[in-house]
Amino acid sequence: MNPVYLDVAVPVPLRRTFQYLAPAGMNPANLSPGVRVEVNFGRQRLIGLLISTSNTNEIAVDKIKPALRVVDDQPLLDAVLFKLCLWATDYYQHPIGEVFQSAIPALLRQGDAIDQTEKVLVPLIKQFDETAFKRAPRQSELLSRLLSQPEGLSKIALDSYETTTATIRSLIAKELIQWDSKTVSVSHFDSSNPQKSDMLPLSNEQVDALKTALTPGTQLLFGITGSGKTEIYLQAIDAVLRQGKQALVLVPEIGLTPQTIERFTSRFNVPIYALHSSLTDKERLHAWRQAREQGAGIIIGTRSAIFTPMSKLGIIVVDEEHDASFKQIEGFRYSARDLAVFRGHQEQIPVILGSATPSLESLSNAVSGKYKLSKLTERPTKANVAHYQVIGTQHQKMDNSFSEPLFELIEQHLNAGNQVLVFLNRRGYSPVLICNGCGAIAACERCDARMTFHMNQNKLICHHCGAAKQANRLCQPCGSRDVVPLGAGTQRLEETLLGRFADSNIIRIDRDSTRRKGEMERLTKQVMAGEPAILVGTQLLAKGHHFPDVTLVAIVDVDSGFYSSDFRAIEKMGQLILQVGGRAGREKKQGTVAIQTQFPDQPILKSLIEDGYEAFANSLLDERRLYDLPPYSFQAVLRAEATKNGIAMAFLNSLASSQVVSSALGSQNRNAPSVSVLGPIPSTMEKRDGKYRAQLLISSSNRKALNSILAKIISLIENNKEQRMVRWSLDVDPIDLL
Ligand code: ADP
Ligand code: ZN
Ligand code: ZN
């Protein structure tokens, strides 16, 4: 018999598989791609994943080591997920072992069995004499409960009864009960009656959208906040559950959307698992298994949940599809939204991408017919839509970011007994501490960045590398004591508001004020109580939460978004304005969104406010088309960093001038798709966390051409020894170029 070689994806940052011999005595016919294989790699023992088997050896036969063991008899990932990972490996040009690693739970990466065991309390007797336990009612109760459930009670099940560890210990001492270990079983969810609470009768727009949502393919569900998108998700999922199939829902950040999860659990009778970052490894594996073996009807999760195996997947929903958090920005830089579209296509099931402010990528896919488009333009509840008011600050005297008209507006809303939300996407007290004597600015030593002043700790903190130091009000270079904060963060807004509205309740919600566990819940509860208050916050406030008593949303500074070197900044600012605006006056109350800007007449802001997101997006799309920017071209950024200045630039320069690149650029004849290379240029923040950074932008109007040149560049790097001096990474479809 010919030897069988196993091609194994090993968890190392290398863009290839490694060959091993099937373990002695193992029948290769029993090996399916997707099972885990434990192997020796260098001096380590690693758990890899079998990608394929073959009869040809890639290296000398005597150099091929036998695998140590095959861990599973069934593949971990189903065929579609397996294909998804392979596709992503190629699309993102990322090391195959790392791609497969990110698709499986940590405990499985370490070689644990899929079937978890749990400790259960079991009775050792068949009956007992209750009269003997007259003086120990707790023991008596627990014993009779265990006798009625002889298969045993898990710790979790015990938690829901009133029993104590002392009670358990006494009964164990009397040898009446004991702890046993039992495999956790998964039973299929019951799909006969998934509905717990009533469906809402749909509006005409919603009826059309739902019909589209139920046919295979990707649907862009473009609906203003409060237009009933979530209701469409719920009803589409209901239909899917009734066919015995499962639903996967991706959301930006679970901690911020307790209300969304609550809507799912109160609607459906099936087990729902939320996958989020605060799960323990054990809980994560448990949920993963429930999904894979159909114990779960619905999985709600963030980005990485796209890799959850679901044997009967019937629909994927991506809520707030424009949200940046769907793109991983380190390591394996995938877009969960784009993987969702691929996965849905492979499974031939519907994928709903929902948003009030869709990404330009998705909009253009809808226009080109690649996605189906459904629009929801009205609120079924007839709740008021906020109206927008632009406050030009160019001729105003400002009191720390507030113009007098804005103060007055805030006052009106407070006097009417309502709440006000003041939004600024910068935490801390002020972004700059400056010396009025010599103009020196407190800068981070490790980054090309100013340090943010945090007043209540009297600290300077770098928001880019985390470096912190005591704030010194005595200028080192010139000895002046006139060192003052310049510009504002949320802490300073809070202070200014306190000065003006001394009697008001001011609640700051940002990463600093919600750091402690339970603090977010406490603050939101305070807001929900409905008393007049001013909420001051960052992006954290723009998402998820729905505050019914907020009637005024004030965005104190939009100009940073309109004047940025990143061509996407304006799209993001527009989305943010509407998302934050969606928090105003959703119920019966009329909402107002006030926007402060030095340039009140700029047409793009006018178009956003007067004509709505679609008109705004269309004019941005025109611009992108004109300049050949995404979505009309495809981009990748090759980033490099090194501790010594100049190294990263030189590294990228040598690539940019290489044969591989110049021949691709040279092929600009009419038939060959063109590739263009921009740079290298130093990154916008050239020095960060002690490293000097640079980047090379590679783009093409043709996806295949881009992919092929990236592959060539990478193999060039990997065969180059200088590579060791720099850390480099590739980002395909980057969401920012900073
Ligand atoms: P979105 O997800 O687009 O923000 P939701 O689905 O949360 O919108 O709907 C906003 C509000 O409108 C919710 O209170 C929801 O219960 C209600 N709603 C949605 N659809 C209907 C409908 N067809 N009839 C009545 N109320 C509806
Ligand atoms: Zn000075
Ligand atoms: Zn820093």
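The values are calculated or read from the model by the stated rules, or taken from the named source; none is laboratory data. Values in this document were obtained by computation on a predicted structure and should not be read as measured data. Every residue, glycine among them, receives a Cβ derived from its backbone with ideal geometry; neighbour counts consider all protein chains shown. Accessible surface is based on the protein model in full, side chains and every heavy atom, while ligands, DNA and RNA are left aside. Shrake-Rupley method; radii C 1.70, N 1.55, O 1.52, S 1.80 Å.
For every residue, the table says whether it meets (1) among the β-branched types (Val, Ile, Thr); (2) touching a residue at least 40 places away in the same chain (Cβ under 8 Å); (3) not assigned by TED's automatic domain parsing to the domain that holds Ile306.
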{"residue": "Pro28", "(1), (2), (3)": "no, no, yes"}
{"residue": "Pro33", "(1), (2), (3)": "no, yes, yes"}
{"residue": "Gln44", "(1), (2), (3)": "no, no, yes"}
{"residue": "Thr56", "(1), (2), (3)": "yes, yes, yes"}
{"residue": "Val61", "(1), (2), (3)": "yes, yes, yes"}
{"residue": "Ile64", "(1), (2), (3)": "yes, yes, yes"}
{"residue": "Ala67", "(1), (2), (3)": "no, yes, yes"}
{"residue": "Asp72", "(1), (2), (3)": "no, yes, yes"}
{"residue": "Leu76", "(1), (2), (3)": "no, yes, yes"}
Candidates Tyr334, Tyr371 - the one that is more than 16 Å from ligand 1 (Cβ to nearest atom), buried (at least 17 other Cβ atoms within 10 Å of the Cβ), under 24 Å from Val240 (Cα atoms) and not hydrophobic (A, V, I, L, M, F, W, C):
Tyr371
Grab the helices (runs of 4 or more DSSP H) fully contained in segment 127-207, keeping just those with 2 or more residues being among the small types (Gly, Ala, Ser) and open to solvent by less than 70 Å² (accessible area, probe 1.4 Å).
137-148, 165-173
Which numbered condition Lys211 misses (of (1) out of contact with any Leu (no Cβ under 7 Å at 6 or more places or on another chain); (2) within 16 Å of ligand 1 (Cβ to nearest atom); (3) open to solvent by less than 50 Å² (accessible area, probe 1.4 Å)):
(3)
Got at least one residue in segment 427-449 being touching a Leu at 6+ places or on another chain (Cβ under 6 Å) and open to solvent by 50 Å² or more (accessible area, probe 1.4 Å)?
no
Would you confirm whether any residue within segment 181-191 is touching a helix residue (DSSP H, G or I) at 6+ places or on another chain (Cβ under 6 Å) and of a type outside the set (Val, Ile, Thr)?
yes
Report whether or not Gln219 is more than 30 Å from Ser359 (Cβ to Cβ) and either free of Cβ contacts under 8 Å to residues at least 12 places away in the same chain or outside the structural domain of Gln575 (by TED's automatic domain parsing) (or both).
no
Can you list residue pairs whose Cβ atoms sit under 7 Å apart, with the first residue in segment 94-107 being in the same structural domain as Ser277 (by TED's automatic domain parsing) and at pLDDT below 95 and the second being assigned to a loop (DSSP other than H, G, I, E, B) and not acidic (Asp, Glu)? Count only pairs 6 or more apart in sequence or on different chains.
none
Filtered residues of segment 72-92 (kept if of a type outside the set (D, E, K, R) and either within 30 Å of Glu141 (Cβ to Cβ) or open to solvent by 20 Å² or more (accessible area, probe 1.4 Å) (or both))
Gln74, Pro75, Ala79, Val80, Phe82, Leu86, Trp87, Thr89, Tyr91
Any idea how many residues of segment 469-486 are open to solvent by 30 Å² or more (accessible area, probe 1.4 Å), in a strand (DSSP E or B) and away from ligand 3 (no atom under 16 Å from the Cβ)?
2
Failed item in (1) touching a Lys or Arg at 6+ places or on another chain (Cβ under 8 Å); (2) in contact (Cβ under 8 Å) with a residue 60 or more places away in the chain; (3) within 15 Å of Val422 (Cα to Cα), with Glu494 passing the rest:
(2)
Checking Asn456 against (1) in a helix (DSSP H, G or I); (2) in the same structural domain as Arg515 (by TED's automatic domain parsing); (3) polar (S, T, N, Q), which test does it fail?
(2)
For Ser683, only one of the following conditions fails: (1) open to solvent by 20 Å² or more (accessible area, probe 1.4 Å); (2) over 16 Å from His94 (Cβ atoms); (3) of a type in the set (S, T, N, Q); (4) in contact (Cβ under 8 Å) with a residue 12 or more places away in the chain. What is its number?
(1)
Selection count where residues are touching a strand residue (DSSP E or B) at 6+ places or on another chain (Cβ under 7 Å) and among the acidic types (Asp, Glu), scope segment 303-347:
4
Inspect segment 385-395 for any residue being open to solvent by 10 Å² or more (accessible area, probe 1.4 Å), within 24 Å of Ala594 (Cα to Cα), without any contact (Cβ under 8 Å) to a residue 24 or more places away in the chain and in the same structural domain as Ala584 (by TED's automatic domain parsing) and give the result as yes or no.
yes
Going by the structure shown, is Phe423 among the aromatic types (Phe, Trp, Tyr) and in contact with a Gly (Cβ under 9 Å, 6 or more places away or on another chain)?
yes
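Looking at segment 455-468 only, could you name the residues that are away from ligand 3 (no atom under 14 Å from the Cβ) and either crowded, with 16+ Cβ neighbours inside 10 Å or of a type in the set (Gly, Ala, Ser) (or both)? First the steps, then the outcome.
Of segment 455-468, the ones away from ligand 3 (no atom under 14 Å from the Cβ) are 455-458.
Answer for segment 455-468, where residues must be away from ligand 3 (no atom under 14 Å from the Cβ) and either crowded, with 16+ Cβ neighbours inside 10 Å or of a type in the set (Gly, Ala, Ser) (or both): just Met455.
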Pull up segment 396-425, narrow it to residues that are in a helix (DSSP H, G or I) and hydrophobic (A, V, I, L, M, F, W, C), then point me to the one that is surrounded by the fewest Cβ atoms within 10 Å (Cβ to Cβ).
Phe407
